[in-house]
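See below for the structure under consideration.
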């Protein structure tokens, strides 16, 4: 079965203003949202949640992008990896850092600061086996981040895992 992204003319009435707002703001509607539009009651709350996760906060946006991208690469999510490679570069992530994120154990390379390494390694742990997180892992993060920053980091990783599984599960076509 192939699940097609919904175009505005085929979307529920509740979705059309959302799509129009996206078109006005960015000139297009991403396929992830077109696919999610099959569940209009989920799309709007998801967008609100996603916006809050990415809103300016206590955590450096570059670190959010590093953990989101590493999570997406670990999960093999082509859609999110492609999208967040581009957004990571806009937030200061270098090509060398992107390459390191693609490599097993690449988070330990010297292209990252200690703070970035700690965040990426925590994202790897949280993605690979969340139940294995120990208080000592939070202590390590606490050397670099306060509680609010850790919460934002965990939300970024959790959101990446959610969107990765949605896009891979629905086989969302990569935007061109």
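The values are calculated or read from the model by the stated rules, or taken from the named source; none is laboratory data. As the structure is a computational prediction, the values presented were derived from the model and not from experiment. Using ideal geometry, Cβ is built from the backbone for each residue, glycine included, and neighbour counts are taken over all protein chains shown.
Structure values in brief
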{"quantity": "Looking only at the stretch 45-79, and only at residues there that are in a loop (DSSP other than H, G, I, E, B) and touching a residue at least 40 places away in the same chain (Cβ under 8 Å), the one that is surrounded by the fewest Cβ atoms within 10 Å (Cβ to Cβ)", "calculated": "76"}
{"quantity": "From 35, 29, 42, residue being more than 27 Å from residue 119 (Cα to Cα), part of a loop (DSSP other than H, G, I, E, B), touching a helix residue (DSSP H, G or I) at 6+ places or on another chain (Cβ under 7 Å) and modelled with pLDDT of 95 or more", "calculated": "29"}
{"quantity": "Positions within the stretch 82-108 being farther than 22 Å from residue 59 by Cβ and within 14 Å of the chain's Cα centre (by Cα), in sequence order", "calculated": "82"}
{"quantity": "The listed residue being modelled with pLDDT of 95 or more and within 30 Å of residue 39 (Cα to Cα), out of 73, 138, 101", "calculated": "73"}
{"quantity": "Residue in the stretch 109-131 that is crowded, with 17+ Cβ neighbours inside 10 Å, in contact with a helix residue (DSSP H, G or I) (Cβ under 9 Å, 6 or more places away or on another chain), without any contact (Cβ under 8 Å) to a residue 12 or more places away in the chain and farther than 25 Å from residue 56 by Cβ present", "calculated": "no"}
{"quantity": "Among (1) under 21 Å from residue 174 (Cβ atoms); (2) in contact (Cβ under 8 Å) with a residue 24 or more places away in the chain; (3) surrounded by fewer than 18 Cβ atoms within 10 Å (Cβ to Cβ); (4) touching a helix residue (DSSP H, G or I) at 6+ places or on another chain (Cβ under 9 Å) - the single one residue 14 does not satisfy", "calculated": "(1)"}
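Each row is one residue, and each column tells you yes or no for (1) outside the structural domain of residue 148 (by TED's automatic domain parsing); (2) over 25 Å from residue 141 (Cβ atoms).
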position: 33; (1), (2): yes, yes
position: 44; (1), (2): yes, yes
position: 66; (1), (2): no, no
position: 83; (1), (2): no, yes
position: 98; (1), (2): no, no
position: 111; (1), (2): no, no
